[in-house]
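The values are calculated or read from the model by the stated rules, or taken from the named source; none is laboratory data. Note that the structure is a prediction, hence the values are computed from the model and not measured. Heads up, the Cβs are rebuilt from the backbone with ideal geometry, glycines too, and the neighbour counts pull from every protein chain shown.
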Number of protein chains: 2
Amino acid sequence: MRLKCTIQYDGSNYAGYQIQPNAKTIQEEIESVLTRMHKGKMIRIHSSGRTDRGVHAIGQVFHFDTDLSFPTANWLKALNAQLPDDIQVIEVIEVEADFHARIDAKMKEYRYFVEQGDVPNIFKRHLVHFERDLLDMKKMEEACQWFMGTHDFTSFSSARSTVKGTKVRTLFDVRVERQANQFVFVLKGDGFLYNMVRIIVGVILDAGKGKVNEADVKEMFAAKNREFVGATLPPEGLFLWEVFYDENIKK
Amino acid sequence: MRLKCTIQYDGSNYAGYQIQPNAKTIQEEIESVLTRMHKGKMIRIHSSGRTDRGVHAIGQVFHFDTDLSFPTANWLKALNAQLPDDIQVIEVIEVEADFHARIDAKMKEYRYFVEQGDVPNIFKRHLVHFERDLLDMKKMEEACQWFMGTHDFTSFSSARSTVKGTKVRTLFDVRVERQANQFVFVLKGDGFLYNMVRIIVGVILDAGKGKVNEADVKEMFAAKNREFVGATLPPEGLFLWEVFYDENIKK
């Protein structure tokens, strides 16, 4: 049967989600637990997409196939008992045999956390991006609007992106929320290119500092060239928050 | 001149505050930075007291002597530029030549953070102690009162304690605050024995679970024996919050 798992992870101590040689990754940790549970039979998991080194997840999703038949509640306990304490399964459900965590994902939500102040909060150093410069909330709210809707995001994705074909994506929601000196950037879209969230939020922060305006961003879009846009923000503040699917995937 | 420094640290990656062979400690990190700043002349720092492996600080204090004479604001910047990102100096002031961070401390405040729920929050795993059992706020508020005032705390300190002389200490404040499913235990006293906060809060949690009552705790005090009291809570939730001095220490 096919199982869909929702997991959280603190990416601080990992080289990213996807398996790579000579580096500890989220995928590898999970597959090695599953393979052990299947008495050495290699189990491959298929996620909604990779996350980078140091990026976290509140609701990453993957699926895998198993011939073990115990209740999904037991799966959750068994996996959590064996996974390291920075990876946690929060849901396991049985799905239709043709469900695919990446292909069937309709929308993804990312959140990026920024804290503004004179001194960084050392206890959040792996979980927020720290900014000394003052940030104008109203300017950032305006800047969010510039990215809403359907655009070619070539300028706002890593030049190292390996995506073939179109770089047109649709953002359904781009907004910023404030709690005291913490800013949370919420982005929902039908797909995200490599580094896209970290580059867009960087531009919104620049807008909040008065460094870029709407005309600048229009030029950036038109250029279709990564070099026209500022730096990629660090991974610490980034969370894959939720992956959305149709309701009828459950078996 | 003598300088008093207030520091914060995330103790997660350290074997504790105090220098020990073959282990990374807070004191060692700071002394090695200071020694480098003094061109290799060994600089010893003197703290208000040690903290254990995995214990954090929001307001630990130490003093040291220096013959370098630059403004205290520059000291703060220079130290933070060289210290690792889990140790941070938040204040440097010049004090009288006879000030001593441990001997002159009038009172200390510790806080212990507990989160109650079905699943641990992996992002706080180094910063709070997680409890699955329900905790009765009213019972815990009552239990706090049992520890207020002057007592012989022998039963509530590690049997490995190396303190010579009296184990009588005075607690000026013992209370619990609640924010959603997080409980914060605040303890202020003229001194704390080894593991004393983690043992006392453990008993208060047991009271909150209905496992111990006031008569039990009176027996524990009377026994003057560590074995009459439950387990020591783990270090993750513990913060040395503030060390209090007289106002007239400044030069």
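Scan segment A:125-139 for residues that are in contact with a Gly (Cβ under 6 Å, 6 or more places away or on another chain) and under 15 Å from A:Ala207 (Cα atoms) and the total you get is 3.
A count restricted to segment B:203-251 and to residues that are free of Cβ contacts under 8 Å to residues at least 24 places away in the same chain and in contact with a strand residue (DSSP E or B) (Cβ under 7 Å, 6 or more places away or on another chain) stands at 0.
Hey, any hits in segment B:31-52 for a residue that's crowded, with 19+ Cβ neighbours inside 10 Å, under 19 Å from B:Lys77 (Cβ atoms) and within 14 Å of another protein chain (Cβ to nearest Cβ)? Checking segment B:31-52: not a single residue is crowded, with 19+ Cβ neighbours inside 10 Å, under 19 Å from B:Lys77 (Cβ atoms) and within 14 Å of another protein chain (Cβ to nearest Cβ). Kindly indicate whether B:Asp98 is among the acidic types (Asp, Glu), part of a loop (DSSP other than H, G, I, E, B), more than 14 Å from chain A (Cβ to nearest Cβ) and farther than 19 Å from B:Ile7 by Cβ. Criteria met by B:Asp98.
Has segment A:72-94 got at least one residue that is under 29 Å from A:Glu247 (Cα atoms), away from chain B (no Cβ under 14 Å) and part of a loop (DSSP other than H, G, I, E, B)? No - not one qualifying residue is present in segment A:72-94.
Considering every residue within segment B:37-50, establish whether at least one is among the β-branched types (Val, Ile, Thr), in contact with a strand residue (DSSP E or B) (Cβ under 7 Å, 6 or more places away or on another chain) and free of Cβ contacts under 8 Å to residues at least 60 places away in the same chain.
Among the residues of segment B:37-50, at least one is among the β-branched types (Val, Ile, Thr), in contact with a strand residue (DSSP E or B) (Cβ under 7 Å, 6 or more places away or on another chain) and free of Cβ contacts under 8 Å to residues at least 60 places away in the same chain, which makes the answer yes.
Looking across A:Ser12, A:Ser32, one residue alone is within 23 Å of the chain's Cα centre (by Cα), outside any strand (DSSP E or B), closer than 25 Å to A:Leu127 by Cα and not assigned by TED's automatic domain parsing to the domain that holds A:Val197. It is A:Ser12.
Applying the criterion of being more than 21 Å from A:Gln182 (Cβ to Cβ) and modelled with pLDDT of 95 or more to the residues of segment A:233-251, the residue that is surrounded by the most Cβ atoms within 10 Å (Cβ to Cβ) is A:Val243.
Scanning segment A:116-141 for residues that are more than 14 Å from chain B (Cβ to nearest Cβ) and surrounded by 15 or more Cβ atoms within 10 Å (Cβ to Cβ) gives A:Gln116, A:Glu131, A:Leu135, A:Lys139, A:Met140, A:Glu141.
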